[in-house]
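Read-outs throughout are calculated quantities, based only on the coordinates presented, and are distinct from any laboratory measurement. Computed from a predicted model, the values in this text were never measured in an experiment. Cβ placement follows ideal geometry from the backbone for every residue including glycine, while neighbour counts extend to all protein chains displayed.
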């Protein structure tokens, strides 16, 4: 009997050692910029070609109810990397020009995802758009990334990498002179990073600057403001390679972006790491849809509104998670999940204990994504500038200014938010408004 | 040398015999009713659950530019089964009550798909909504189907199978008394047919009556007109099983329909016929969207308009083709293809020579669906009642009445048909209008 117990204990020890020694999964977190819910083939776009993202959807979970808790680039990134609402992490606003260059941005007291992963032996790299402060102490390599290649700001020219009159491309903390189309540069850097770190767990954060709308401020005088992409992506649609048509340009930019993601996926395949790598593609907020700007050609169909708003079009985005060891290929998750949930999911996957002294707002959504549980959130709350919103189950409240009444929508019947039910269902509206006020009150 | 030639000839003969003897593929052609482009998960619907149709999309080709050449049930079915425009096959109108019961409908001179397949040894069965005439000579079993179980008319009560005061369920040419939810009955009949004919090639045509909007004419006085589905499909969404909410009911009907399709797919798997069976799911026209009718809860998002119109919402529908031996799993076809093309595709697949004396309007789209060729059509033309339209490449003309001017839309930039470009691009508009007039003129 004693011998048997001994043998069992030994077996247990072996088991623990084996499990303990198991390499935690790699993570490739691709955050695309201003891509609308309706801009991807696998989310129903009839024209834009995104075969690689569509492939990811076939191999992973496609979320229909994935939320960005705020509807603009900077706070979206801050929330993603901290797992906390912007009002809690101290970065609820969009960084201005100077702030992008030298601002503190996300307070230094905040701990971000790569820093959590370092003790587990992860190699960490960031390749793309930073946009949460570049003061000393704020830079990617100050905050837990071993390496960085990208732009400090939120919105560069795709070829010259100019932002507000300055070339904005950095390696680590140093400006560099590098040529190329930004999507290609960031994909190449991520692939190179994965190759160099194939033997250990790695975390690659790839916040592409595409498909952010071009800005005339980032052009030399007289240079036209158009969507920029290599000729082959125009030609793939049968468009003239030198087309200045904004729709054609946007399609080309999107397919160039998809191609960059495809190259990353194929690199993972070549490295033999597909089974051991979590790949996430999500958009940082909805597409810009201000009609006055002809370059704003994305679509949040079938939702209402867009970037900076808290109608679904601003906050509900595409998100695909491929994780072969946990999630069923080709499945769809229709439960509310949010960008703040990705940090706890990744920490759990990496066997990093969730912090005890930091209040996370995100909740590990793995069981939800696997179809084994409901949403990890009773409520989700949304805020950007004057816009507010909250969702609970099928119900959503939204208002555009604090001095207005909340509107109430039934997202199961009316996902386009066309029929305000606040007068018909005052009890439901009140319950959601009360929950919102309680949530909001903690930050006063 | 002579011996060698002999051996080669013998080998050739063997080869030809083997190829000749190869069993042609089975065909399961599922035609769903009034389902909108935006009503399926794999076409971007955020709420409606269609996991089986989504599975088919992962395993086959999902078409983004599939057209029904007319936007109503009867002529859509006539065009599908003849491979000819309604104006050519003589059935351009929707059958009325009496016509559904005893009308000739599609002229007897027309030869339909199962009749072409019979000489190749196909077992042929039709299970569902007939809707193209039930006079003697017009019935499914008069026109090439070995068997039929379904309704003569276009729109029955899902449980009582009543249409305009008469129970409308037939086996062959005889009315039968059968209990059950129509989607289940039609799926069961198709599965039973496939089982019985597993040893020879078969053609199952499964025109489900779902998800056609319920009609008060098909109810006894005092019985409410609601969407009907088994309780489990309501409960799957967390809705009350006895819900009368039209949105909830529509979602339940759609998921019941998807489940019927899933049972057919699983039967094909169990019979070991997946590799040898072409499965097609397409909708007969866009969703009904008349706002006055609260039961019309489908969506053609992101397109404009709906059933009976020739805006994209009326004529552009979901279509998925799974054909493992010819088409790449998980691919997307963005070239214009139409319901009239399915007949020549199926004939070619079955090695049936295309008819010499019958003018087909459809063109075999296999190479297009395989991603190896452009659309088989320079132009596609659309007409229903007063509505007309035509598409060539990215350009589309549409008008709601013959005494109005055609509008011109650029479907690559503006798939929602919001900006009429006829004044800006008169040459393009004229070219399409001329092509339309020439096409239309042949039927005067």
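If a/c stays under 1.5 just call it rounded; otherwise compare a/b with b/c (prolate if a/b is bigger, oblate if not). Do that for the range A:158-243, with a ≥ b ≥ c from the square roots of the Cα gyration tensor eigenvalues.
Oblate, since a/c reaches 1.5 and b/c is not below a/b.
If one computes the Cα centroid of the range B:203-258 and of the range A:224-247, what distance in Å separates the two points?
For the range B:203-258 versus the range A:224-247, the Cα centre distance is 46 Å.
Kindly identify the range A:286-444 as rounded, prolate or oblate by the Cα gyration tensor criterion: order the square roots of the eigenvalues as a ≥ b ≥ c, call it rounded if a/c is under 1.5, otherwise compare a/b with b/c, prolate if a/b is larger, else oblate.
Prolate.
Suppose we consider the axis relating copy B to copy A; can you name the residue of B with the nearest Cβ and state that distance in angstrom as an integer?
So the closest residue, with its distance, comes out as B:44, 1.
List, largest first, the extents of the alpha carbons of the range A:146-207 along their principal axes, each in whole Å.
Principal extents (Cα only, largest first): 41, 21, 18 Å.
Could you pull the copy-to-copy label distances for residue B:355, with points set 7 Å along Cα to Cβ, in nm to one decimal and sorted shortest first?
Distances to the matching label points in the other copies: 7.4 nm.
Could you work out the relative contact order of chain A? I mean the mean sequence separation of Cα pairs under 8 Å and 6+ apart, divided by the number of residues, in percent.
23 percent
Compute the convex hull volume of the Cα atoms of the range B:87-136, divide it by the residue count, and report the result per residue in Å³ as a whole number.
With only Cα atoms used, the range B:87-136 gives 89 Å³ per residue.
Once a ≥ b ≥ c are taken as the square roots of the eigenvalues of the Cα gyration tensor of the range B:20-378, is the result rounded (a/c under 1.5), prolate (a/b larger than b/c) or oblate (a/b not larger than b/c)?
rounded
Calculate the length of the line joining the C-alpha centroid of the range B:259-323 to that of the range B:61-127, in whole Å.
Value for the Cα centre distance between the two parts: 16 Å.
Once you place label points 7 Å from the Cα toward the Cβ at residue A:431 and residue B:179, how far apart are they in nm?
Using points 7 Å along Cα→Cβ, the separation is 3.8 nm.
Measuring label to label, 7 Å along Cα→Cβ, what does residue B:98 give against each other copy in nm, shortest first?
Sorted ascending, the copy-to-copy spacings read 8.5 nm.
Provide an ascending nm list, one decimal, of label-point separations from residue A:427 to the equivalent residue in each further copy; define each label point as 7 Å from Cα along Cα→Cβ.
6.7
Add -39500 (n - 2.57) for each DSSP H run of 4 or more in chain B, then divide by its residues: what number comes out at 222 nm, to the nearest 500 deg cm²/dmol?
Calculated mean residue ellipticity at 222 nm is -8500 deg cm²/dmol.
For chain A, with a Gaussian network of springs between Cα atoms less than 10 Å apart, report the residue from A:279, A:352, A:47 with the top mean-square fluctuation.
Among A:279, A:352, A:47, the largest mean-square fluctuation in the Gaussian network model of chain A belongs to A:47.
Determine, for A:316, A:334, B:266, the number of other Cβ atoms within 10 Å of each Cβ, and report the residues in order from fewest to most.
Sorted ascending by nearby Cβ count, the order is B:266, A:334, A:316.
Label residue A:164 and residue B:405 with points 7 Å out from Cα along Cα→Cβ: what is the distance between them in nm?
Calculated label separation equals 4.7 nm.
Over the range B:238-296, with a single point scatterer placed on each C-alpha, what log10 of the ratio I(q)/I(0) does the Debye formula yield at q = 0.30 1/Å?
-1.23
Only Cα pairs under 8 Å and at least 6 apart count here; give the relative contact order of the range B:387-441 as a rounded whole percent.
After rounding, I find 29 percent.
Find the centroid of the Cα atoms in the range B:361-423 and in the range A:348-386, then give the distance between the two in whole Å.
46 Å
Anyone know which of A:244, A:308, A:297 comes out most mobile in the 10 Å Cα GNM of chain A?
Top of the fluctuation ranking is A:244.
Got a sec? How would A:388, A:288 order by Cβ neighbour count within 10 Å, fewest to most?
By the 10 Å Cβ count, ascending: A:288, A:388.
On average, how much area does the Cα convex hull of the range B:205-341 cover when viewed from any direction, in nm²?
10.6 nm²
Please identify, among B:109, B:422, B:71, the residue showing maximal mean-square fluctuation in a Gaussian network model of chain B using a 10 angstrom Cα cutoff.
In this elastic network of chain B, the residue with the biggest mean-square fluctuation among B:109, B:422, B:71 is B:109.
Dividing the alpha-carbon Rg of the range A:387-441 by 2.2 N^0.38 Å yields what?
Compactness ratio reported: 1.02.
Treating the range B:96-241 as a set of equal point scatterers at the Cα positions, no solvent, please give the Debye-formula log₁₀ I(q)/I(0) at q = 0.10, 0.12, 0.13 Å⁻¹.
Once normalised to I(0) and log-transformed, intensities are -0.37, -0.52, -0.61.
What distance in nm separates the simple spin-label points at residue B:135 and residue A:23, each placed 7 Å from Cα in the Cβ direction?
In this crude spin-label approximation the distance works out to 7.4 nm.
What number, in percent, do you get for the relative contact order of the range A:302-444 if the mean sequence gap of Cα pairs under 8 Å and at least 6 apart is divided by its residue count?
Relative contact order, the range A:302-444: 20 percent.
Can you put B:76, A:243, B:182 in order, fewest other beta carbons within 10 Å first?
A:243, B:182, B:76
What share of Cα pairs, in percent, lie more than 57 angstrom apart in the protein assembly as shown?
Roughly 14 percent, rounded to a whole number.
Please report, in whole Å³, the volume per residue of the convex hull around the C-alpha atoms of the range B:195-279.
Each residue corresponds to 125 Å³ of Cα convex hull volume.
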